[in-house]
Structure formats: C-alpha cells, structure tokens
1. Mind listing whichever residues of region 97-143 are basic (Lys, Arg), at pLDDT 85 or above and either away from ligand 1 (no atom under 14 Å from the Cβ) or assigned to a loop (DSSP other than H, G, I, E, B) (or both)?
2. Can you tell me which residue within region 89-139, out of those that are within 12 Å of ligand 2 (Cβ to nearest atom) and of a type in the set (Gly, Ala, Ser), is nearest to LEU72 (Cα to Cα)?
3. Can you spot a residue in region 76-90 that is in contact with a helix residue (DSSP H, G or I) (Cβ under 8 Å, 6 or more places away or on another chain) and either among the polar types (S, T, N, Q) or assigned to a loop (DSSP other than H, G, I, E, B) (or both)?
Amino acid sequence: MKKIIFVVTLIFGFMAIAQAEIQSLRGTNALDKTNTKTDLKKVQPDRDTIPRAYVQQPPMVPHSVDKYSINLKNNKCMDCHSWDKYKEEKATKISRTHFTDRDGNDSGSVDGSRYFCNQCHAPQVDAKPLVENTFTPMSNIQK
Ligand code: HEC
Ligand code: HEC
C-alpha cells in the first residue's frame, strides 16, 4: 500500500513539474476567467510585413492592435485594410477570399466568418517560445 501511495505521489509530482515548466502566455488563468492584460512593453514595435511560413498562412500582424476594437458596430481593422482605404493608409488590402462565405457565395463585404480578424491574424509579442519549434517552411513559398 505504501508503495502505491509513493508511486502515485511521484506521478503527481512529475505532472506538477511538467505543468510548471510549460505555461501559456495566459499564465494559470482558467479559460472561463478574464485574462490579465498583456504586458505592452513586450509587444513588438510596428515593422514591415512578416514573411509567411507556408502559403495558406494568415499573415501575422506586424503592428500593435490594442487600440483597434472589433465589435458589432465597428471593425477598426477595416479603417485601413478595406478596399477603399488601403491605398491611403499604405496597408495591405484585405484579400478577396474574405468576401466568400463557407458555401462559396461571393459578396461585396467581409463575410461573417472573417469578421473577427484576430481569430486568424495574430499580433506579435517579443517573448521566448514556450516550446521548441522545428517547423521548416516550404521552399517554394510565393511571397
Ligand atoms: C491605422 C491603420 C491600420 C489599422 C487600424 C490596422 N492596420 Fe493592419 N496594417 C496597417 C499597415 C500600414 C500595414 C502594413 C505594414 C507594413 O507593410 O510595414 C498593416 C499590415 C497588416 C497585416 C500584414 C499583411 C501582410 O501582407 O503581411 C495584417 C495581417 C494586419 N495588418 C492586420 C490587422 C488587423 C487584424 C487589424 C485590426 C485589429 C489591423 N491590421 C488594423 C495599418 C493598419
Ligand atoms: C478565418 C481566418 C481569417 C479571418 C477571420 C481573417 N483572415 Fe485575413 N487572411 C486569412 C488567410 C488564411 C489569409 C491568406 C490567404 C488569403 O489571402 O486568403 C489572409 C490574408 C489577409 C491579408 C493579406 C492579403 C494579401 O493580399 O496578402 C490581409 C490584409 C487580411 N487577411 C486582413 C484581414 C482583416 C482586416 C480581417 C478582419 C476583417 C481578416 N483578415 C480576417 C485568414 C483570415
């Protein structure tokens, strides 16, 4: 019996150590709790577009986004990335794929499935990777 308790304690001990080692940027906050704010000092300064690692990748956001809200009435990202404003703002125009719904129907405005830009386009933070990444990009990437 003592042996079993010892082994179980050991397993839980290792699990605790493993959990302590890899911690997401959210920290220990449960998913249903509001996260603390990102340390804005770590957010990378605005810069040139970031090379894509593979052709289907949603390009990563090369600027800060903390002041750009997306809600029911307004999508701040579109103030610069829409087809009528991108030239003036020197931004990349939103691609045509974003006007197509999941059934392939085209429309003249951003489809609901693409409305929450940050769902796919991730802003960047200057942080140490949580785990090692050995991903190698495709060699024939077009960009
Ligand atoms: C004030 C104008 C402005 C707003 C608002 C803005 N952006 Fe941008 N964005 C730019 C500009 C300018 C660039 C191009 C940066 C460069 O080339 O150096 C850019 C680049 C990008 C890119 C990279 C495109 C590529 O081809 O690699 C993405 C993705 C992006 N923005 C997403 C967003 C999202 C998501 C939001 C809203 C949360 C947003 N932007 C709001 C001006 C803006
Ligand atoms: C469901 C995921 C998803 C959402 C949501 C989404 N995008 Fe994209 N976005 C992509 C992918 C994937 C690409 C690259 C392939 C393509 O162009 O469709 C892309 C490409 C882009 C580009 C680069 C276009 C180019 O010609 O290089 C811009 C700019 C952009 N998105 C802006 C936005 C903005 C602004 C929003 C919000 C209104 C948004 N995206 C919402 C997935 C998404």
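1. If the condition is that a residue be basic (Lys, Arg), at pLDDT 85 or above and either away from ligand 1 (no atom under 14 Å from the Cβ) or assigned to a loop (DSSP other than H, G, I, E, B) (or both), then ARG102 is the only one that fits.
2. Ranking the qualifying residues of region 89-139, first place goes to GLY112.
3. yes
The values are calculated or read from the model by the stated rules, or taken from the named source; none is laboratory data. On a predicted model such as this, the values are computed, not experimentally measured, just so you know. Don't worry about glycine lacking a Cβ; one is built from the backbone with ideal geometry, like all the others, and counts go over all protein chains shown.
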